[in-house]
1. Given (1) touching a residue at least 40 places away in the same chain (Cβ under 8 Å); (2) farther than 30 Å from D71 by Cα, where does Q244 come up short, assuming only one miss?
2. Quick one: in region 284-329, which of the residues that are small (G, A, S) and more than 19 Å from the chain's Cα centre (by Cα) is surrounded by the most Cβ atoms within 10 Å (Cβ to Cβ)?
3. Among the residues of region 62-98, write down those that are outside any loop (DSSP other than H, G, I, E, B), under 20 Å from L261 (Cα atoms) and hydrophobic (A, V, I, L, M, F, W, C).
4. Check S84, S47 and return the single one that is out of contact with any Ser or Thr (no Cβ under 8 Å at 6 or more places or on another chain) and closer than 30 Å to L21 by Cβ.
5. Could you please find all residues in region 130-188 being of a type in the set (G, A, S) and closer than 30 Å to L216 by Cβ?
6. Would a scan of region 200-207 turn up a residue that is surrounded by 13 or more Cβ atoms within 10 Å (Cβ to Cβ), within 28 Å of the chain's Cα centre (by Cα) and free of Cβ contacts under 8 Å to residues at least 60 places away in the same chain?
7. Here are some residues: D271, D233, D251. Which one is of a type outside the set (A, V, I, L, M, F, W, C) and within 24 Å of L69 (Cα to Cα)?
8. Do you know which of the residues in region 13-28 that are in contact with a Cys (Cβ under 9 Å, 6 or more places away or on another chain) and β-branched (V, I, T) is modelled with the highest pLDDT?
Amino acid sequence: VKCMNTADVIAAVNFARTHQLVVAVRGQGHSVAGHGTCDDGLVIDLSGMRGTRVDPHRQTIRVEGGCNLGDLDHATHAFGLATSSGIASVTGLSGLTLGGGFGHLNRKCGLACDNLISADVVTADGQFLVASADNEHADLFWALRGGGGNFGVVTSFEFKLYPINTVYGGPMFWPIEMAEEGLCFFRDLMAQAPTDLNVIFGFITLQPEPVLPPELHYKKVFAAALCYAGPLDEAEEVFAPIRQFGPPMIDQAGPMPYPALQSMFDELFPDNLFHYWKSDFIADLPDEAIKLHVAHGTQLPSPLAAVHFYSMGGAIQNLQDDETPFSHRSAKFMHAIVGTTDNLDDIKAQKTWARNYWSAARPYAMGGAYINIAMEDTEDPVEPVYNKNYQRLVEVKSLACCWQTGDCGFLRHLPLRTAQLRPAKPRLGDL
C-alpha cells in the first residue's frame, strides 16, 4: 500500500488488523536485512511521504516517514543546521532512527535516535498518537528511540538540530598491506580524539571510478571516512597526525558542505544488490584481536564486500543505557561485516565469509548486534541486543502493538506476538 498521508496509513493498518496480516513498514526500502518487506503480509510503503519543515528558531525539523537523509540535509542546510543521521543520502531516515542510527556526526551529536524529540505514530489498533518524553505516551516514545521500528507506523519525526554547516572530512585510502598498522593507529587515535572528530574505518575494494587512476580499480585498501565538525581553523591540526600516518595513497579530505560529505558514498549503496551482514560491538581492540580482524577481514569475497569499524564514544555516551533501548553505549566501536554482491550465485560465499569472520571475532566482542543490520536467519538470541532494556520493550509492545483478536502484525526485531505467547527464548531468526 503506497501511502501519501496519515489517513492512508490508518486505513492500511486497519485493513491488516481486520485480515490478521503481518505488516512490514517501508520508508525508502534501504534495509539490507529486508526489514521493509515481508512474505504473505502487507507492506505499508511511506516513500511518497517526504515532507519536511524546519523551525530555525527552535532548531528542530519535522520530517515525514518516507524521507531519506538527502531530504533531511537539503531542508536543514539552508538554515546552516544539521543533525546526526547516517553515511549515505539515499538511506531512509525512519528505519535508521528507529534502530539507533550510526553516521558521521555520532560523536558530536549522538545517535540519530538520541535526537528524536517526538513522533507521530499509528499503532496496531489504528490509533494516531503523538509520542514524546513528556506526555502520556512516554513509554512508547522511549521504545521508538532504538527499539527497532516494531511499535507501529511512525508517520513523522521531530528532530533536534545543531548549527553545523561546513565540515572538514572525506575519505582517505592506504594500501591493504597497512591494514594491521591502520587498525592500531585509529584504535589509539580515537581513544583521545576530540568529540568533534568521527571516523569510520576498515577494508574495502576501490571501485572503477573516473576520479581514480586505472591501476587502482578493484584494489583492496585500508580506508577511513572522516568528519570533523569542530572549528574549521583547527581542522588541519586535527588531521595532521592522520596524514602523517602512511601517508595516505589517496587523500580526498577537506572542507565541504555537510550534505556533500553525506552524499559522497551514495554510489556504494545502489539498488538491486544481495546482502548478508553481521555486526557486533567492541569494548577494546587488543593487538591479538587486530591480527584476527586483518586475517579475516581483508579476505573480501567480492568487490562490493567490506568491513566497517564505526567509532563510538563522545556524545553517544551522554545518555545512560536505560535512557533508550540502545544498550551498547559503552562500546568503543560498532563492527559491521558487509557481505554484499551483485551476483546471486555469489551470496553463499558472502554468507560463509561473514559468518566465519563473525564467529572468529566473537571472543573479542561484547555480544548483541546492531539491530538495523541484523539478518533474519541468525541464531543469536534477541535479548543481548537490548540487554536490560529487553523486558521493558516487551511490556511496551504488549500494550501498543497487539491485535485484540490475535497476534501483533508488527514482527520486526522483537519476535513477540503477545506478552503471553512470546517464546521462552526468542531469537533474531524469528523476526
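1. So Q244 meets the others, but not (1).
2. Here the residue is G297.
3. L69, L72, A75, A82, L93, L96 - these are the residues of region 62-98 that are outside any loop (DSSP other than H, G, I, E, B), under 20 Å from L261 (Cα atoms) and hydrophobic (A, V, I, L, M, F, W, C).
4. Testing whether each residue is out of contact with any Ser or Thr (no Cβ under 8 Å at 6 or more places or on another chain) and closer than 30 Å to L21 by Cβ leaves just S47.
5. Within region 130-188, G169, G170, A179, G182 meet the criteria.
6. Of region 200-207, the ones surrounded by 13 or more Cβ atoms within 10 Å (Cβ to Cβ) are 200-207.
From what's left, within 28 Å of the chain's Cα centre (by Cα): 200-207.
Filter once more, so that each one left must be free of Cβ contacts under 8 Å to residues at least 60 places away in the same chain: 206.
Yes; the residues of region 200-207 include at least one that is surrounded by 13 or more Cβ atoms within 10 Å (Cβ to Cβ), within 28 Å of the chain's Cα centre (by Cα) and free of Cβ contacts under 8 Å to residues at least 60 places away in the same chain.
7. Values: D233 fails: within 24 Å of L69 (Cα to Cα); D251 fails: within 24 Å of L69 (Cα to Cα).
Result: D271 is the single residue among D271, D233, D251 that is of a type outside the set (A, V, I, L, M, F, W, C) and within 24 Å of L69 (Cα to Cα).
8. V23
The values are calculated or read from the model by the stated rules, or taken from the named source; none is laboratory data. Quick caveat, the model's predicted, so the values are computed rather than measured. Cβ: placed from backbone, ideal geometry, glycine included. Neighbour counts: every protein chain shown.
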